[in-house]
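A short write-up of the structure that comes next.
The values are calculated or read from the model by the stated rules, or taken from the named source; none is laboratory data. From a predicted model like this one, the values you see are computed outputs, not experimental measurements. Every residue, glycine as well, gets a Cβ built from its backbone with ideal geometry; the counts of neighbours run over all protein chains shown. Side chains included, ligands, DNA and RNA excluded: accessible areas come from the protein's heavy atoms. Shrake-Rupley method; radii C 1.70, N 1.55, O 1.52, S 1.80 Å.
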Amino acid sequence: MPIMSSVTATDSSADAALRVLQKTYGFDAFRGAQAEIIDHVIRGGHSFVLMPTGGGKSLCYQIPSLLRDGVGIIVSPLIALMQNQVEALRQLGIRAAAINSNVDGGSIASTKDAILRGLIDLVYVAPERLLMDDFLALLDEAPIALFAIDEAHCVSQWGHDFRPHYKQLSILAERYPYAPRIALTATADAPTRRDIVECLKLEDGRSFVAGFDRPNIHYTIVPRDNARAQILRFIRTNHAEDSGIVYCLSRKLTDETAAWLETEGFTALPYHAGLSAEVRARHLERFLKEEKVIMVATIAFGMGIDKPDVRFVAHMTIPKNIEAYYQETGRAGRDGLPSNALMVYGAQDAVMQRNFIETSDAPDAQKRIEHQKLNALLGLCEAAQCRRQIVLDYFGDSCAPCGNCDTCLTPPETFDGAIAAQKALSAAYRTGQRFGAGYLIDVLTGKDDERIRSHGHEKTSTFGIGADMGKTEWQAIFRQLIALNLLSVDADHGGLSITAQGQDFLREKKELRLRKAEKSRGLPKAARSGAADAAVAPEDRPLLAALKAARMELARAQGVPPYVILHDKSLIDMTFLKPDTLERMALVHGVGEQKLEKYGRTFLKIVAAHS
Ligand code: ADP
Ligand code: ZN
């Protein structure tokens, strides 16, 4: 086998790993802690790896699987995605296979045979399959290089995607103590991490926790005035040529939004749990294999999707909490190229999320935590500070103001909001702490209508005391008071009541800086249309387009997604380097030995034709 034979007895494992990175993957150097992790695993150590999406977790188990004797067993919850992962590895000349219910019996039998005979490098399995008696019996006999447990947060009931079968993976430590275990996740919080270490018995191993920052993602959060118009403007100006994801709260909204984007001339596909498995699989397939497809989805979509060139993620409503926001937006830009995250939100979203929490069957303690997490998200939405700082701080990480989010690029104006806040709180108090923001704003601005008269609220002392400001200003103030936890929203009917903190505020007459309301804050200006095109000089864009077309043809012929052939980054690199020989083509990012041999000439011809 080519990879092992290049490793001689005198190589240190670090040299061998670097050689594989360069020859097989076509990359120059390891990133972050990759080299250290790989070295540790090759030496047989257990590890827990926490790295953001796109950080490069896969190499941490792939390269040790190649360099250790035996097969690497990769446990992954996502059968639908295994075939693509396997295909991407085969393109590199790595012997990989998946064993799951989509694979026919003959292929499974030959993979099992290859495992026993040590003739395969990596095998992907779902935990359900791994835990079957016959599979465990096979592993008892097989040479095992390592166990990699991907999406390891699935072991934790605390995490957002608990899978009971994952919990049973504790058997690996008992039954195969000689094989190193590496658990990988991008999920951040401390209780989840503890559960993973405990369940997979990694106490004797090493923990590698990378920073969470995704510097290539630009964050924008805007109040909703017209969600459709806002999203459309965002996509048209920044991403008309790109793939992206639009998250919606409900199935119905997902279907409607996809249909509407189609009428606007985009290829948009719905994805939610109400669609049949076949439809979902078909839409996922198109999203992966075609270009410029927009997936309109509920949170049912996304985990493990390793499409590297998702250029934007838009939220039509607020997500559940900051973790969910970071996970969902994190699906953009795994290839490291500039990408955008836009969230459009309104006060009503918080009422809906509170309702979800209250109507769930979670115990009360859990509900309280969920409410707090939601508060933190609302704080993020209303912040005048760098968005990235707030998010990283939430995960116990930090950064300087990033210069790549809306609040950094267009710092919001603030004003002394103490008097306005007092008026708002007292309007809530005088009307019995059971009305929502809309009604309270009508009272404050002195709106003379039936509903107010029917309650006799035109006679309260707060009626009309806020007439110096308009509805939009008051909406912004109420949102911030909720985010600051001075007012809390009743989950049932959205009524606002004063919190203990709100009472302190009234008593102590504290100072309060609030953000000024702005109508539709500027949408991202940083990223230009199609991040790939933006990086390339205008005279080279026809070359890039031709390279992409050739890639698409190769991908279609093999029935694989275009990024499996080569990433955008590699094609962009070709427009810079303009290689005129195979030796120079080998210098291009992501062009290893196999890809050079398979595709080098095709792309050389295209570069030649354009120079
Ligand atoms: P994760 O699983 O952590 O989300 P991946 O393993 O999919 O991330 O890697 C993200 C992207 O970065 C992939 O396109 C991968 O090929 C690329 N990558 C990983 N490590 C390196 C490296 N050392 N040099 C260049 N590219 C890398
Ligand atoms: Zn910032």
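Ignoring the sites themselves, what is the longest stretch of the chain with no GluC sites (Glu not before Pro) in a DSSP loop and at most 11 other beta-carbon atoms within 10 Å?
It runs 204-412.
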May I ask you to compute the full-extension gain from LYS548 to ALA281, defined as 0.36 nm times their residue separation minus their alpha-carbon distance, rounded to one decimal in nm? 93.6 nm
Equivalent ellipsoid semi-axes for region 171-271, as square roots of 5 times the alpha carbon gyration tensor eigenvalues: give them largest first, rounded to whole Å. 43, 17, 13
Region 411-509: D in µm²/s via Stokes-Einstein (Kirkwood Rh, Cα pairs, 25 °C, 0.890 mPa s)? 182
With a 1.4 Å probe and all protein chains kept in place, how do ASP204, ASP364 rank by accessible area, largest first? ASP204, ASP364
Is the shape of region 536-610 best called rounded, prolate or oblate, per the rule: a/c under 1.5 gives rounded, else a/b larger than b/c gives prolate, else oblate, with a ≥ b ≥ c the square roots of the Cα gyration tensor eigenvalues? oblate
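Express in % the proportion of alpha carbon pairs of the chain at distances exceeding 33 Å.
Everything past 33 Å amounts to 51 percent.
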Hey, can you find the accessible area per residue of region 414-515 for me, probe 1.4 Å, expressed in square angstrom? 49
Non-local residues with an amide H under 5 Å from the amide H of THR267, with H modelled 1.01 Å from N and Pro and chain starts lacking one, are ILE294
Karplus (6.51, -1.76, 1.60) ³J(HN,Hα), θ = phi - 60°, over region 501-507, in Hz, Gly and Pro reported as x: 5, x, 5, 4, 4, 5, 5
So in the chain, what percent of DSSP beta bridges are antiparallel if you round to the nearest 5? 10
As a quick test, which of the pairs LYS289/LYS578; LYS307/LYS516; LYS307/LYS595; LYS292/LYS598; LYS57/LYS598 have an alpha carbon distance above 30 angstrom in this structure? LYS307/LYS516
With at most 16 other Cβ atoms within 10 Å, longest stretch of the chain clear of loop chymotrypsin sites (Phe, Trp or Tyr not before Pro) (DSSP): 179-611
Tensor-based shape of region 317-460 (alpha-carbon gyration tensor, a/c under 1.5 rounded, otherwise prolate or oblate): prolate
At the level of C-alpha centres, the distance separating region 427-443 and region 176-232, in angstrom, is 40
Could you pull the accessible area for ARG434 with a 1.4 Å probe, rounded to 10 Å²? 120
Filter the cross-link list LYS167/LYS367; LYS423/LYS459; LYS423/LYS447; LYS423/LYS471; LYS167/LYS201 down to pairs whose alpha-carbon distance in this structure exceeds 18 Å. LYS167/LYS367
Counting sequence-distant residues (5 or more places) and residues on other chains, those with an amide H built under 5 Å from that of MET343 are THR220, ILE221, VAL222, HIS315
For region 138-241, give the percent of accessible area contributed by carbon and sulfur heavy atoms, probe 1.4 Å, rounded to a whole number. 48
Can you run phi through the Karplus equation (6.51, -1.76, 1.60; θ = phi - 60°) for region 291-305 and list ³J(HN,Hα) in whole Hz, with x for Gly and Pro? 9, 6, 9, 9, 8, 9, 9, 8, 5, 4, 9, x, 4, x, 5
Per the Cα gyration tensor, region 530-572 corresponds to an equivalent ellipsoid with semi-axes, largest first in Å, of 20, 10, 6
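In debye, nearest 20: dipole of the chain around its Cα centre with unit charges on the Cβ of K, R (+) and D, E (-)?
920
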Would you mind estimating how fast region 13-209 diffuses translationally, via Stokes-Einstein at 37 °C and 0.692 mPa s with the Kirkwood radius over Cα pairs, in µm²/s? 197
Row for region 355-398, column shape: gyration tensor on C-alpha, a ≥ b ≥ c, rounded if a/c < 1.5 i.e. under 1.5, prolate if a/b over b/c, else oblate; value prolate
Whose amide H sits under 5 Å from the amide H of ARG206, counting only residues 5 or more places off or on another chain, with H placed in the peptide plane? HIS46, SER47, PHE48
May I ask you to give the percent of accessible area on region 414-515 that is carbon plus sulfur, with a probe radius of 1.4 Å? 46
Pop out the ³J(HN,Hα) list for region 463-469 in order, Karplus 6.51 cos²θ - 1.76 cosθ + 1.60 with θ = phi - 60°, rounded to Hz; leave Gly and Pro as x. 5, x, 6, x, 5, 6, 10
